[in-house]
Amino acid sequence: MPLDIIVGTQWGDEGKGRITDLLAAKADIVARYSGGDNAGHTVSIGDEIYKLHLLPSGIINPNVTCIIGNGLVVNPTVLLGEIQDLFVRGIDVTPQRLKLSDRAHLVTPGHIALDQSAELAKGDKAIGTTQRGIGPTYTHKTARTGLRTGLLADKDSLLDAISRHIESVNQKLLIEQRIPKLDVNEIKSQFATCSDLLTPFLADTSHFLDDALNGKANVLAEGAQGTLLDLDHGTYPFVTSSWPISAGALLGLGIGPKHVRRVIGVAKAFTSRVGSGPFPTELFADAAERLRGSGQKPWDEYGTTTGRPRRVGWLDLVILKYAVRVNGLTELALTKLDILSDIPNIPVCVAYNYHDQVIDSFPADLKVLGECEPILDYLAGWKGDIASIRKRNDLPLNAKKYVDFIQEFLGIPVRLISVGPERDQIIIC
Ligand code: GDP
Ligand code: IMO
Ligand code: MG
């Protein structure tokens with residue numbers, strides 16, 4: 001049976017968690033394929049708001065089996081904390097419901113310290129990472145010095161490897177003098193507990209998925225971060241250290257492309273970004289606050305993982321066209337359309353002006369991107385709350401035109417329109 005991939009089309013926080021939770025109703029398996037607890041995915045069900053960092057958003061649905069794929073970097077303490085938080089809220093995450101790949105990589109306090117130290121060293125050139133140790137863990141993975149999750153099942157080897165790893169990090173920290181050195185014994189004891197509690201969750205998830213896909217299972221791959229944070233295709237170096245694009249799903253789950261059916265790009269009706277780097281349609285001051293919100297509403301644009309105010313700007317169709325290309329999107333899920341209500345004329349970026357030259361394809365050169373001015377079309381706005389609308393034809397005419405404009409520009413259908421964070425606040429087209 002098929003694999004559908006959910007991917008972020010912008011700089012993350014597009015509403016992937018919300019769309020995954022929605023589509024999980026028809027899935028048997030939901031699998032995260034990249035990143036780590038730098039992700040913050042929100043699922044809103046009535047009064048309950050779940051903020052998931054490592055657990056796939058499908059976990060809220062009791063009929064779904066969840067997978068943490070080999071492409072992830074996993075902080076085991078954070079994972080146990082998340083499992084515990086859900087347990088307290090009545091969701092039991094058992095080894096039957098959650099499979100942790102034995103080929104993922106472990107994030108340690110050493111990686112977090114290295115992340116913090118590297119950011120401090122960069123000064124005003126800092127990436128603005130989530131400081132979750134993501135970059136250093138993927139660095140160790142590619143340097144072939146990482147610690148794989150499979151080690152959890154062999155406590156003696158795990159603790160031995162942790163000792164050597166933390167001692168080597170400490171030597172580095174001592175030279176850099178930016179972060180105090182770490183307590184090896186304390187970390188060993190944390191990892192001993194993780195070994196006891198997480199070993200039952202370990203599985204060969206590539207094998208598990210292959211069996212499921214060759215059987216009757218519907219599998220949903222849940223992306224983290226977004227296309228422009230991709231290590232290869234994003235705004236390097238202001239990116240994360242993994243592959244959030246659709247190809248990352250195959251890599252990060254260990255399955256081949258023959259199973260793929262839909263590639264669903266999640267796009268916010270405007271743009272946001274956390275961290276540093278160029279952002280052509282960025283708004284500031286009051287204009288930014290209009291899109292960001294004040295922080296009072298749960299969906300206001302403040303980081304799910306870090307609480308940082310997100311940078312915000314108008315919708316950038318140059319970015320979305322790029323996302324259609326590099327991900328091979330078959331369709332779009334548009335979120336937060338409700339936030340644009342009552343704006344008289346809504347600017348949409350259709351190309352860039354680079355020193356009087358029109359650029360309509362997303363540039364690789366960050367210096368060029370940094371000097372691009374957005375070329376804006378102004379689409380007529382609409383009035384009133386659209387959160388209770390459930391049919392595309394019932395949307396105000398100009399809201400419909402806004403969606404149609406995006407669809408025609410990109411050449412792929414908008415198949416989901418989200419008008420609020422709740423499960424049912426959706427228009428299925
Ligand atoms: P993710 O990282 O892509 O899963 O996105 P986040 O969860 O970090 O951020 C998206 C935020 O927008 C969350 O607070 C969601 O509950 C909220 N959200 C998602 N879709 C909608 C929508 O259509 N309207 C509104 N108002 N909020 C939404
Ligand atoms: P979700 O899955 C938004 C950003 C950070 C920083 C850069 C590198 O919720 O969409 P890292 O800690 O990964 O080394 O930071 O990437 N970033 C995100 N921004 N949403 C995310 O995840 C992000 N994950 C990482 O802010 O700019
Ligand atoms: Mg997020």
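In table form, for the structure just shown:
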quantity: Between helix 155-176 and the chain: long-axis angle, C-alpha atoms, 0 to 90°, nearest 10; calculated: 70
quantity: In degrees, nearest ten, helix 76-88 long axis to first principal axis of the chain (Cα); calculated: 70
quantity: Heavy atoms of ILE45: accessible area, 1.4 Å probe, square angstrom to 10; calculated: 50
quantity: Solvent-accessible surface ranking, highest first, for HIS233, HIS53, HIS355 at 1.4 angstrom; calculated: HIS355, HIS233, HIS53
quantity: Fraction of accessible area attributable to carbon and sulfur, the chain (%, probe 1.4 Å); calculated: 52
quantity: Alpha-carbon centroid distance for the pair the stretch 109-162 / the stretch 1-61, whole angstrom; calculated: 24
quantity: Label point distance in nm, ASN398-MET1, each placed 7 Å from Cα along Cα→Cβ; calculated: 4.4
quantity: Fraction of alpha-carbon pairs over 29 Å apart in the chain - percent; calculated: 45
quantity: Calculated [θ] (222 nm, deg cm²/dmol) that DSSP helices of n ≥ 4 give over the chain, each run adding -39,500 (n - 2.57); calculated: -10000 deg cm²/dmol
quantity: Spin-label pair ASP342/ILE359, simplified geometry with 7 Å Cα→Cβ offset, distance in nm; calculated: 3.7
quantity: Where a label projected 7 Å from the Cα of ARG390 along Cα→Cβ would reach, residues of the stretch 323-340 with amide N under 15 Å; calculated: none
quantity: Hz values of 3J(HN,Hα) by residue in the stretch 210-225 - Karplus curve (6.51, -1.76, 1.60), Gly and Pro given as x; calculated: 4, 4, 5, 5, 7, x, 9, 6, 9, 10, 10, 9, 9, x, 10, 6
quantity: Accessible-area value, THR235, 1.4 Å probe, nucleic acids and ligands omitted, Å²; calculated: 0
quantity: Per-residue ³J(HN,Hα) for the stretch 417-429, Karplus 6.51 cos²θ - 1.76 cosθ + 1.60, θ = phi - 60°, Hz, x for Gly and Pro; calculated: 10, 9, 10, x, x, 6, 3, 8, 7, 9, 10, 9, 9
quantity: Set of lysines near LYS122 by C-alpha distance (under 27 Å), chain-local residues within fewer than 8 positions excluded; calculated: LYS141, LYS172, LYS181, LYS367
quantity: Solvent-accessible surface ranking, highest first, for ILE389, ILE19 at 1.4 angstrom; calculated: ILE389, ILE19
quantity: Furthest towards positive pole of dipole, LEU114, LEU366, GLY69, structure part the chain, Cβ charges; calculated: GLY69
quantity: With Cα atoms, 0 to 90° folded angle of helix 184-198 axis to the chain main axis; calculated: 70
quantity: Accessible area (Å², 1.4 Å probe, nearest 10) - THR129; calculated: 40
quantity: Within the stretch 334-419: Cβ-based charge dipole about Cα centre, in debye rounded to nearest 20 (Lys, Arg +1; Asp, Glu -1); calculated: 580
quantity: Percentage, to the nearest whole number, of Cα pairs in the stretch 105-201 over 22 Å apart; calculated: 28
quantity: Computed FRET value (nearest 0.05) for GLU186 with LYS125, which takes r as the C-beta separation and R₀ as 30 Å; calculated: 0.40
quantity: C-alpha center-to-center spacing [the stretch 203-282, the stretch 311-351] in angstrom; calculated: 18
quantity: Those lysines that a straight Cα-Cα span of less than 18 Å connects to LYS26, excepting residues fewer than 8 apart in one chain; calculated: LYS16, LYS216
quantity: Segments 314-326, 405-417 sorted - mean Cβ within 10 Å per residue, highest first; calculated: 314-326, 405-417
quantity: Extension gain from ASP377 to ALA143, taking 0.36 nm per residue of separation minus the Cα-Cα distance; calculated: 79.6 nm
quantity: Cα→Cβ-extended label distance, 7 Å offset, between ASP210 and ARG261, nm; calculated: 2.2
quantity: Heavy-atom accessible area ranking, 1.4 Å probe, most first, across LYS141, LYS122; calculated: LYS122, LYS141
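The values are calculated or read from the model by the stated rules, or taken from the named source; none is laboratory data. Bear in mind that the values here come from a model prediction, so they are computed numbers and not experimental data. Methodologically, a virtual Cβ is constructed for each residue, glycine included, from the backbone with ideal geometry; neighbour enumeration extends over all protein chains shown. For the accessible areas, the whole protein counts, side chains as well, though only heavy atoms, and no ligand, DNA or RNA atoms are used. Shrake-Rupley method; radii C 1.70, N 1.55, O 1.52, S 1.80 Å.
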